[in-house]
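Each reported figure results from applying straightforward, stated rules to the coordinates on display, with no laboratory input. This one's a predicted model, so the numbers in the text were calculated from it and none came from an experiment. Cβ sites come from the backbone with ideal geometry, for glycine too, and all protein chains shown count toward neighbours.
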Amino acid sequence: MLEIKNLHVSIEEKKIIKGLDLSINKGEVHALMGPNGSGKSTLSYVLSGKDKYEINDGTIDYNGKNLLELDVDERANEGLFLAFQYPMEIPGVQTSFFLKTAINSKRKYLGQSEMDALEFAKLMKSKAEELNISTEMLKRDLNVNYSGGEKKKQEILQMSMLSPKMAILDETDSGLDIDALRIVSEGVNKLRNNDNSFLVITHYQRLLNYIKPDFVHIIADGKIVKSGDYSLALELEEKGYEEISQTA
């Protein structure tokens, strides 16, 4: 599904990622953990196609295609989804309208007919109820005056409706109380299947109590220094990043 080899990335001539290798297969959930400045969010931005990041070396193969040759829209339509740490506010664009536009854009790219209003309304209502999202929230402008938890739930709603092949969750647990964290995690777990994959980027082990990863990777100074199963996250919680990195 995703194969990253010897990736080197810089921004404004500052090297951030320094030889990162990562392989994610279909049906797998990987967690990427590391301290601030280690390159976690940089990796998510590079995968999603954000501007200003310079690829100095390395390759990224996504589902048989060179990801670096695809623009942002193509990546999204090919099934790549990024849930941001700080979701963007879009005044004047109703949440439901945004969701319908995103779905039909992807369907058009894939050569499918657009979803009509009734079909879309049924899908949105069903997915919103699963995530305990009110219909009133869907009528509001996208993320405008939303709480942190509402923004994250709205992103999980997007992900649920778009059914991506590869979802990247960039510190989705940031700012969530325990109830919102549980709702978001349940949404992710319902979407997990043998045909899609997840990369969960987080500082803390608590999110992984709800979204149990198949593999855990520790990133430090721009490269993965240690990998293991879920027990590595528990070890990290006990010992901290510095000790884990020193023993890698």
Q: Order the peptides 138-146, 41-49 from the highest to the lowest mean number of other Cβ atoms within 10 Å of their residues.
A: 41-49, 138-146
Q. Amide H to amide H under 5 Å from Val216: which residues, 5+ apart in sequence or cross-chain, H placed 1.01 Å off N in plane?
A. Ala31, Gly228, Asp229
Q | Only Lys, Arg (+1) and Asp, Glu (-1) charged, at Cβ; the chain dipole about Cα centre in debye | A | 460 debye
Q | Long pairs among Lys15/Lys50; Lys127/Lys153; Lys151/Lys223, criterion Cα-Cα beyond 20 Å | A | Lys151/Lys223
(Q) Can you tell me the orientation of helix 230-239 relative to the chain, as the angle in degrees between its alpha-carbon axis and the longest Cα principal axis, to the nearest 10? (A) 60 degrees
Q: Of the DSSP beta bridges with both residues in the chain, give the percent that are antiparallel, rounding to the nearest 5.
A: 55 percent
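Please sort 162-169, 71-78 by packing, taking for each peptide the average over its residues of neighbouring beta carbons within 10 angstrom, highest first. Display every interim value, and only then the final one.
Values: 162-169: 21.1, 71-78: 15.5.
Per-residue Cβ counts within 10 Å, averaged per peptide and sorted highest first, yield 162-169, 71-78.
List the relative contact order of the chain as a percent without decimals, with contacts defined as Cα pairs under 8 Å and 6+ residues apart. Don't jump to the answer; show the numbers that get you there.
Details: 437 pairs, mean separation 69.9, N = 248.
This gives 28 percent for the chain.
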Q.
Using the Karplus curve 6.51 cos²θ - 1.76 cosθ + 1.60 with θ = phi - 60°, what ³J(HN,Hα) values do you get for each residue of the range 91-96, in whole Hz, with x for Gly and Pro?
A. x, x, 10, 5, 4, 5
(Q) Can you tell me what share of the DSSP beta bridges in the range 37-172 is antiparallel? A percent to the nearest 5 is fine. (A) 50 percent
Q) Roughly what angle does helix 178-191 make with the longest principal axis of the chain, taking Cα atoms, 0 to 90 degrees, to the nearest 10? A) 80 degrees
Q) Which semi-axes, in whole Å and largest first, does the equivalent ellipsoid of the range 117-234 have when worked out from the alpha carbon gyration tensor as the square roots of 5 times its eigenvalues? A) 28, 16, 12
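At 222 nm, what helix-only mean residue ellipticity would the chain give, in deg cm²/dmol to the nearest 500, using -39500 (n - 2.57) for each DSSP H run of four or more?
The per-residue figure over the chain is -11500 deg cm²/dmol.
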Q. Which aspartates and glutamates have a Cα lying under 15 Å from the Cα of Lys226, excluding residues fewer than 8 positions away in the same chain?
A. Asp21, Asp214, Glu235, Glu237, Glu242, Glu243
Q) Which whole-number percent gives the relative contact order of the range 1-146, counting Cα pairs below 8 Å spaced six or more residues apart? A) 22 percent
